[in-house]
1. List the chymotrypsin sites (Phe, Trp or Tyr not before Pro) within region 233-294 that fall in a DSSP loop (any state other than H, G, I, E or B) and whose Cβ has at most 10 other Cβ atoms within 10 Å.
2. Report the Cα centroid-to-centroid distance between region 30-69 and region 257-287 in angstrom, as an integer.
3. Subtract the Cα-Cα distance of Ser136 and Val34 from 0.36 nm times their separation in residues, and report this length gain in nm to one decimal.
4. Could you tell me how far the Cα centroid of region 145-168 sits from the Cα centroid of region 309-345, in Å?
5. Among the listed pairs Lys305/Lys353; Lys179/Lys251; Lys62/Lys246, which have their C-alpha atoms separated by more than 22 angstrom in this model?
6. Can you tell me the accessible area per residue over region 284-345, all protein chains present, probe 1.4 angstrom, in square angstrom?
7. I want the antiparallel fraction of DSSP beta bridges within the chain, as a percent rounded to 5.
8. Loop only by DSSP, 12 or fewer other Cβ within 10 Å of the Cβ. Give me the GluC sites (Glu not before Pro) in region 117-193 that pass, ordered by residue number.
Amino acid sequence: MKKSIAKLFGLLAITALVSTSCSSDDDEPSSSFVVDPSNFQGTIADGEVILNSNTVYVLTGKLQINDGATLTIPAGTRIEAQGGTSAYIAVAQGGKIYINGTASNPVVMTSGLTTKNAGDWGGLVICGKAPINRVSGGTSTAQSEVADLAYGGTVANDSSGSIRYLVIEYCGAAFNSEKEFNGVSFFGVGNGTIVENVEVYHGADDGFEFFGGTVNTSNLISIGNEDDQFDWTEGWVGTNTNWYGKLAFGKGNRGIEADNFEFGFANTPISFPTISNLTLIGPGSAADATTYLENNGLKLRRGTKAQLTNVVLSSWKEGFNVEHDETIAGVGTDLKATNVNYITDVATKTKGKKTDGTSADVSAIATELSTATGAGNGVGTPSWATGWSVGFSN
């Protein structure tokens, strides 16, 4: 009996030793990147870096995730940026970011300054390997206008990770009038990337911009961004549901600006997203024209196509503004909005202009439905935005 007990204790001791050894190995960092929360910047070149939700990270410069590396951000993590154009987060082709916020505990990326303003820092830049149309045919690659990273390719299902429940605030720092950060810039991002429940609030440029790619989204909020709330170009073909955009803070441009490609209106793949459940709220049809140069719910131009359904527009000088022959050619077929509710104060519902500057009748772009709910609650806060979003009172 005593020998059996001795053997049992010996076995338990060996098991504990093995367990401790395994646990120790598991705790070893998987990346050579060293995290300094008070000076959060650098290049994650290998392995996985996992942040701690109980730590505030001060983003002081560029944080880049390279090919083969991963950044994982748990629910409740807060990143406070300072440094204007030098402070941003960029995911290179082949890199991955996993933002794992929840409805009760979102991840927040915001200004680290005491007095917070639009443009205090850059934003989030993601570069993937999905097609773009800067060269017709979708096989081209390019350098991103911010972060100077390659994007584009032929991998439609490319994955850059997943983003769930993220709030980005006071971003959009500008190098000059032609080169600015957006809240989130999707450069050739593939549809293997998950984007759900993301808000950009009070940025200095666009809220969300899509430069080609195939990424799909759901539950996007863009409030008070000082250019367009949503923007796409370069052949983006994503499928989307529940978008809410609103101008605020006395500055802004359009609800949506949409192009195929600026220097090739017919370049392929053609920009052709679908959006179901869309609300866009403007500054009022009589807003100061020097402040709101293009008071449009949607500016659709340069050959873009789109299929929209269940749309709410409110407080715009013009609802749908369609430009250029290639774009107008799709009106009513490949460019149309079904079930549109002009809730209040939309002075001109549709406006068209051909490439030569003459006017065109584009009224076939939209069919009306007075009960359409847009993003879910007309101009009000959608139920899916409750608990994690900000700014609906602005």
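The values are calculated or read from the model by the stated rules, or taken from the named source; none is laboratory data. Only a predicted model underlies this, so the values are computations on that prediction, with no experimental measurement involved. Glycine gets a Cβ as well: all are built from the backbone with ideal geometry, and neighbour counts include every protein chain shown. The area values use the complete protein model at the heavy-atom level, side chains included, leaving out ligands, DNA and RNA. Shrake-Rupley method; radii C 1.70, N 1.55, O 1.52, S 1.80 Å.
1. Numbers: sites: Trp236, Trp243, Tyr244, Phe249, Phe261, Phe263, Phe265, Tyr292; in loops: Trp236, Phe249, Phe261, Phe263, Phe265, Tyr292.
Passing both the DSSP loop test and the Cβ count: Phe263.
2. If you average the Cα positions of each part, the centres end up 35 Å apart.
3. Values: separation 102, 0.36 × 102 = 36.72 nm, distance 4.22 nm.
Fully extending the segment from Ser136 to Val34 adds 32.5 nm.
4. 28 Å
5. Lys62/Lys246
6. Numbers: 2180 Å² over 62 residues.
Computed with neighbouring chains in place, this is 35 Å² per residue.
7. Values: 7 of 113 bridges.
Roughly 5 percent of the beta bridges in the chain run antiparallel, per DSSP.
8. Working: sites: Glu145, Glu169, Glu178, Glu180; in loops: Glu145, Glu178.
Filter output for region 117-193: Glu178.
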